[in-house]
1. Test A:W316 against the stated conditions and say whether it is touching a residue at least 60 places away in the same chain (Cβ under 8 Å) and not β-branched (V, I, T).
2. Picking from B:L174, B:L188, B:L169, which residue would you name as being more than 21 Å from A:I21 (Cα to Cα) and aliphatic (A, V, I, L, M)?
3. Across segment A:284-340, what is the number of residues that are in contact with a helix residue (DSSP H, G or I) (Cβ under 9 Å, 6 or more places away or on another chain) and assigned to a loop (DSSP other than H, G, I, E, B)?
4. So A:M61 passes all but one of these: (1) over 22 Å from B:I39 (Cα atoms); (2) within 14 Å of chain B (Cβ to nearest Cβ). Which condition number does it fail?
5. Which ones in segment A:349-360 are open to solvent by less than 30 Å² (accessible area, probe 1.4 Å) and more than 14 Å from A:G232 (Cα to Cα)?
6. For segment A:220-237, what are the residues that are surrounded by 24 or more Cβ atoms within 10 Å (Cβ to Cβ) and farther than 15 Å from A:L288 by Cβ?
7. Being within 14 Å of chain A (Cβ to nearest Cβ) and either under 13 Å from the mean Cα position of the chain (by Cα) or part of a helix (DSSP H, G or I) (or both) is the filter here; which residues of segment B:118-138 pass it?
Amino acid sequence: MFFKECKKILFSLPYILIAIILVAFFYTQFYSGLKEDLSVPQPNDPAGYGIYAENDPALIMPAATDSLFAEFLSHSYIAYPQGFYKNITLSDSKQAQIAEILSEITGVPKEDFLAAEKKERTSSDTAVIDAGAEAEAENGDRYIVPENLTEADNSGTLDISVREDLSYEKFMELMDQADEIIGGESYYKSTSLANHFGQIPKDYEQALEEYETLMESGAGIASARLFSDYIGIFATLLPIFLAVWLALKDRISMMSELIYTRQISSWKLIGVRYLALVLMVMLVVFVLAGINAVSIYSICGAIDGLYMPFLFALGWIMPGVMISTAVGMVLTVLTGTPAAIAVFGIWWFLSLTKGIGNISGNYGNLTLLLRHNTMQNAAYFTENLGALAGNRIFYIILSIVLVLLTVYVFEQKRRGRFYVSIIKRRTDYQIKPEE
Amino acid sequence: MSALLNAVQIIKSNLKNNLFPHLMLTLLLLLLTPAIFSISNLNARAAAGPMEAFVALSGVLLLTPLYYPEQKGTIGETVEAKYISHLQVMFLRFLTAWILIALAIMLFAGIMLYCGSSITGKLIFGTLASAVFLGALGMLAACVSGNIAVGYMIPVIYYVFNFAMGSKLGNFYLFSLMHDSFSEKPWLMGGGIVLATAAFFVQYIRMKSR
């Protein structure tokens, strides 16, 4: 039965589409840049060596303070709570809290900041009149606007340079407070400060050092991480369609009731189907992992860790395939509708967009999609290996629980119970005796 | 007169028995949008964010499952035996879904306008064009494959590829208004109509060849 299910999946349209999409994504997003990522940097490269985020307080502190002050004055803060632009307007009491933070950073009294903001708001409400333009006075007389009327009054400009005695630790603490007041995922989150305010171009020496570090920490493992990051995105989403397709197929071809009456146990039927679905998707992932390993060999030679893409496919990508398949099966068996696609699709989308701010390393908070979109940052991987393992084990256990739930629901349906309908159906079909 | 009454009856039945859960999902989508995006005080370019990236998904929700009822068991055969032409029923369903998408978009645009955002006719038409294109893509995929799961898969993948590929998709780039470009929108609307027409005939041939 297992091989029959595998064969059915192998020749199905959704499976062929999944294979094409994964292969296309692998080539366009990962494979095409692999050689460049693993090559020795050359001196005087006209394309440059990219940029990097330097955690340099001398660079970050003034730039972040300027930005916070500008947003405070405009009464409008930019944040990316789900990876998408969000314009936040704070209440007056929260504006006062930001003013207090700015005051702690610069030493300028809080009242001065509030006065500057009030002045800014008043001036933005006033119409701008160009010098030399004709205007009408209150008494109705027309006049030409003189030059000095259009110049900004700079007498009240604040000195917002950072206090010299302010430590970087305290500065980060204040920035985290500001981020919390704004609502999170703003430019001022301490972990994002370097990314927003500390980016500088790399030079040749830095690029060479980075390359040597990469080779020392293992090109195989670095490449496997990047492979898992890219392939994991789609390998987590796509199985939901396959699982829903297979579960709905019986219903569409009117086979559900026939299967209910068969001798096969619900455990066996659901278990075999689940295993077949996961295995068939993983088959494509393993082929791509093999191409990755061969590519590393052709670029770097017989280095240690050539098996890493396979290990990562199992430990990193497979739990994503498992949870997607399990959600697809349980919701489709339960509702008899493709609702699982909407539920899981939204979960996947929110996880993807929420993680956009930390794509170079994010394994925490039970995130559905693990991110490590760089060959570098090996330290993050080593330091957070426990979190990564915990995350993946959680999804394996959750998948098993959902499969058990699917078996239970299927068994109940076989017994004629557990009918779930989205719309209330008519139940008064019985022919009533004539009165 | 009786033709009009039949049409009203078909639309009512379609709304009640087919589109209702999908309409609820569309309302949920609209309710979810402000939780993810800012919708207040946005200029025309920023306002395109929630409209193109999220509200346009109403097309997938309302158009893709349009011919789902016929895919289930013997319903298709029962429908085929009816006196009223199935082609007419299919067209009325498409028209209803199309109007509902337009209403959902205009409702959300109205809310954004109320919240002080800049809403233009181009933005409304552009969002509708993206929604119709995505939905028609799903319709065609569902009709060709005979399975609704594939119907959802194709537009969702195309939508995700738009984030990865960006303007490389040329005239069929879904999020062009976010980059101040409107020229893609007539192509998307035209493409959507072509795909929907193709879906229409694939479904018709499928029904006839039973």
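The values are calculated or read from the model by the stated rules, or taken from the named source; none is laboratory data. Here the structure is a predicted model, which is why all the values come from computation and not from measurement. When we count neighbours, we look across all protein chains shown, and the Cβ atoms used for this are built from the backbone with ideal geometry, even at glycine. Each accessible area value is taken on the protein alone, full model and side chains, heavy atoms only, with ligands, DNA and RNA left out. Shrake-Rupley method; radii C 1.70, N 1.55, O 1.52, S 1.80 Å.
1. Details: touching a residue at least 60 places away in the same chain (Cβ under 8 Å): yes; not β-branched (V, I, T): yes.
Yes; evaluated as a whole, the condition is true for this residue.
2. Details: B:L174 fails: more than 21 Å from A:I21 (Cα to Cα); B:L169 fails: more than 21 Å from A:I21 (Cα to Cα).
Matching residue, one of B:L174, B:L188, B:L169: B:L188.
3. Result for segment A:284-340: 8.
4. Unmet condition: (2).
5. Going residue by residue through segment A:349-360, those that are open to solvent by less than 30 Å² (accessible area, probe 1.4 Å) are A:349, A:351, A:353, A:355.
Across segment A:349-360, the qualifying residue is only A:T353.
6. A:A222, A:L237
7. So in segment B:118-138, the residues within 14 Å of chain A (Cβ to nearest Cβ) come out as B:118, B:134, B:137-138.
Once the filter is applied, which keeps residues that are within 14 Å of chain A (Cβ to nearest Cβ) and either under 13 Å from the mean Cα position of the chain (by Cα) or part of a helix (DSSP H, G or I) (or both), segment B:118-138 yields B:L134, B:L137, B:G138.
Residues checked against (1) within 13 Å of chain B (Cβ to nearest Cβ); (2) in contact with a Ser or Thr (Cβ under 7 Å, 6 or more places away or on another chain); (3) touching a residue at least 40 places away in the same chain (Cβ under 8 Å):
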| site | (1), (2), (3) |
| --- | --- |
| A:F344 | yes, yes, yes |
| A:L366 | no, no, no |
| A:T382 | no, no, no |
| A:G386 | no, no, no |
| A:L398 | no, no, yes |
| A:L405 | no, no, yes |
